[in-house]
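Everything below concerns the one structure shown next.
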Amino acid sequence: MTDRIAIASLPRDVIGLCARLREHGRRGWIVGGCVRDRLLGREVNDWDICTDARPNELLAIFPRAIPTGIEHGTVTVVVDKRHYEVTTLRGEGAYTDGRRPDSVEFVDDLTADLARRDFTCNAIALDPSNGQVIDPFGGQGDLALGILRAVGVAIDRFSEDGLRVLRAARFVATLGLELDPETERAIAPTLDTYRKVSAERIRDEWVKAMKARAPSRAFEVMRRVGILAITCPELLEGVGMEQNAYHRWDVWRHGMEALDASQGDAVLRLAALFHDIGKPKTRGRNDKSGEYTFYEHERVGAELVEPIALRLRFSNEERARMVHLVRHHLVQYGPDWSDAAVRRWLQRVGTACLTDLFAICEADERAKGLTSEPDLGRLLGLKAHVERVVAAGAALSTRDLCLNGSDLMEALGLAPGRRVGEVLRALLDVVINDPLENDRERLLSHARRILEGAVDSP
Ligand code: ATP
Ligand code: MG
C-alpha cells in the first residue's frame with residue numbers, strides 16, 4: 001500500500017487543473033476509477049477531478065468549461081482537446097427511486113464524497129499537489145487482497161442504486177476481483193432496486209463487461225446473485241443441462257466458455273454467449289444412440305436472441321448482427337462439401353459476416369472442453385475452401401450475375417415487378433450450382449425456360 005505516488009507519473013493537464021483550483025483558494029483531487037486503475041497499473045481512460053469549489057465558482061475559475069452536469073456539480077474542462085470532468089464534492093443524498101439521489105448536497109469534506117461511492121477501490125482519491133493517496137475505506141488493502149467490497153453498509157448501498165449490483169458484476173470480470181461475501185449477501189434482499197435499472201444502462205454494463213479477458217466472471221456473479229434471472233432468464237435454462245458426447249460442459253458452462261474464448265467486439269462476444277441459447281428448447285433424444293440432440297437449436301436460438309437484443313435496446317444493426325451469427329453458427333462442414341455446397345452456404349450466410357462467423361465457430365470449438373487442444377481442423381478446412389471459392393470469383397448474389405433486371409426486361413419483354421426478382425434469384429441458383437452458366441446468352445435461355453414454367457422458380 002502506498003501513501004504517496006510520484007507526481008511526475010500523473011498527467012500534466014490534471015496537475016495543472018488542480019493547481020489552478022489552488023490559485024483560487026480551492027483544492028482539487030483526482031478521484032474514482034482513474035485512481036483505482038492507476039494503482040493497479042492499468043491504462044487510465046478518464047481522469048476525474050473532484051473539488052471543494054462550488055459549481056458557480058468552477059465556471060468562474062474555468063470560464064470556458066462546459067456545464068455538462070452543472071446541477072450535479074459537474075463541468076467539463078477541455079485542455080488541448082482532452083476532456084476532464086471536474087465535480088464539486090458531494091455528500092450522500094437520499095435515494096427514493098433507486099436510480100439517483102433526490103437532491104444533490106455539496107460538501108467541503110472529501111471523505112464524505114468518497115463515502116457515497118460504490119466500492120472501496122473506487123473511493124480512493126489522490127492529491128496531485130503532493131502525491132498523497134487518500135483512502136479512508138481501505139480500498140488499497142482490498143485491491144491487494146483482490147476483493148471488491150461495498151463502501152459502508154452494503155445493503156444500504158445496493159438499495160440506493162440498483163446499478164451498483166451490475167457494476168459489481170462488471171468489476172469482478174474487468175478487474176479480476178472476487179466479490180466480498182458480505183457484499184454479495186447484501187444483493188438478494190435489494191433486487192427490487194435492481195429491477196428499476198433501465199435497459200440501456202444494463203446494456204452498457206454488459207458491453208463494458210465484454211472488455212474483460214473473461215466476461216463469464218460477470219455472468220457467473222449475475223447468475224449467483226439473481227439479477228440474470230431478472231434480465232435474461234433464457235440463459236439460465238441451460239444451467240445443468242447435460243449435452244452429448246461432443247461436449248464436456250452443460251449448456252450454460254459451454255456458453256460461458258465460448259464467451260471467454262471469443263475474440264472480437266462486444267456484439268460478437270454476446271453472440272458467442274448466446275450461440276446455444278436455443279438448446280434448452282430443442283433438446284431431444286436419438287432413439288438409437290440415446291444421445292441428446294438439439295435439432296434446429298440455431299434457428300430457435302436466433303428467434304430467442306431477437307427479443308432479448310430488442311429488450312436490451314441494442315441498435316437495429318447490432319441486433320441483426322447478433323441474430324445472424326446465432327442463426328448461422330452451426331456449420332457442419334466436411335471434406336464431402338463440393339464447391340457448389342460452399343457457394344450455397346456463402347449465399348445463405350453472406351460474405352460480410354465471415355470473419356465474425358469464423359470467430360464464433362472457433363470460440364464454440366474451443367468451448368467444448370473435451371480435448372486439451374481444440375480441433376480446429378474442420379474450421380480451417382472451411383476457411384480454405386471459402387477462400388478458393390471466393391478467389392475463383394464465384395457469383396454469390398444476384399448482383400454478381402452478368403445480367404441484371406433491366407437486361408431481363410429488355411431482352412424478354414418483361415414488365416417491371418416481382419417476377420423480375422424471382423427470375424434473377426432462380427438464375428443465381430443455376431449459377432451457384434455451375435458458375436459456367438454465368439453467361440448472358442445462357443442465362444437468357446434459362447430465363448426463357450423459367451418464364452415458360454419449364455423450370456420452377458424459387
Ligand atoms: P469505468 O470508467 O471503467 O466504467 P469507473 O469506476 O471509473 O469505471 P465511472 O462511471 O467513470 O466508473 O464513475 C467514476 C466514479 O464515480 C467511480 O469510480 C465511483 O467512485 C463513482 N461512481 C460511479 N457510479 C457510481 C454509482 N452507481 N454509485 C456510486 N458511485 C459511483
Ligand atoms: Mg471512469
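Descriptive notes on the structure:
- Scanning segment 8-43 for residues that are farther than 20 Å from Asp135 by Cα and within 16 Å of ligand 1 (Cβ to nearest atom) yields Pro11, Glu43.
- Leading residue by the ranking (nearest to ligand 2 (Cβ to nearest atom)) among those in segment 195-207 that are touching a residue at least 40 places away in the same chain (Cβ under 8 Å), surrounded by fewer than 23 Cβ atoms within 10 Å (Cβ to Cβ) and in a helix (DSSP H, G or I): Glu205
- Residues satisfying the stated conditions in segment 388-404, i.e. within 12 Å of Pro435 (Cβ to Cβ) and assigned to a loop (DSSP other than H, G, I, E, B): Ala392, Gly393, Ala394, Ala395, Leu396, Leu401, Cys402
- Criterion (among the small types (Gly, Ala, Ser), part of a loop (DSSP other than H, G, I, E, B) and farther than 28 Å from Arg299 by Cβ) met by exactly one of Gly453, Gly369: Gly453
- Check on Asp37, in the same structural domain as Val133 (by TED's automatic domain parsing) and modelled with pLDDT under 95: no
- Residues that are in contact with a helix residue (DSSP H, G or I) (Cβ under 7 Å, 6 or more places away or on another chain) and part of a helix (DSSP H, G or I) within segment 372-386 comprise Leu379, Lys383, His385, Val386, listed in sequence order.
- Being over 27 Å from Asn56 (Cβ atoms) and among the β-branched types (Val, Ile, Thr) is a property that does not hold for Ile30.
- Within the option set Asp97, Asp102, being within 24 Å of Ile155 (Cα to Cα), out of contact with any Asp or Glu (no Cβ under 8 Å at 6 or more places or on another chain), assigned to a loop (DSSP other than H, G, I, E, B) and touching a residue at least 60 places away in the same chain (Cβ under 8 Å) holds for one residue only, Asp97.
- Taken over segment 28-80, the criterion of being within 13 Å of ligand 2 (Cβ to nearest atom) and of a type in the set (Lys, Arg) is satisfied by Arg36, Arg38, Arg42.
The values are calculated or read from the model by the stated rules, or taken from the named source; none is laboratory data. This structure is a prediction, so every number in the text was calculated from the model and none was measured. Every residue, glycine among them, receives a Cβ derived from its backbone with ideal geometry; neighbour counts consider all protein chains shown.
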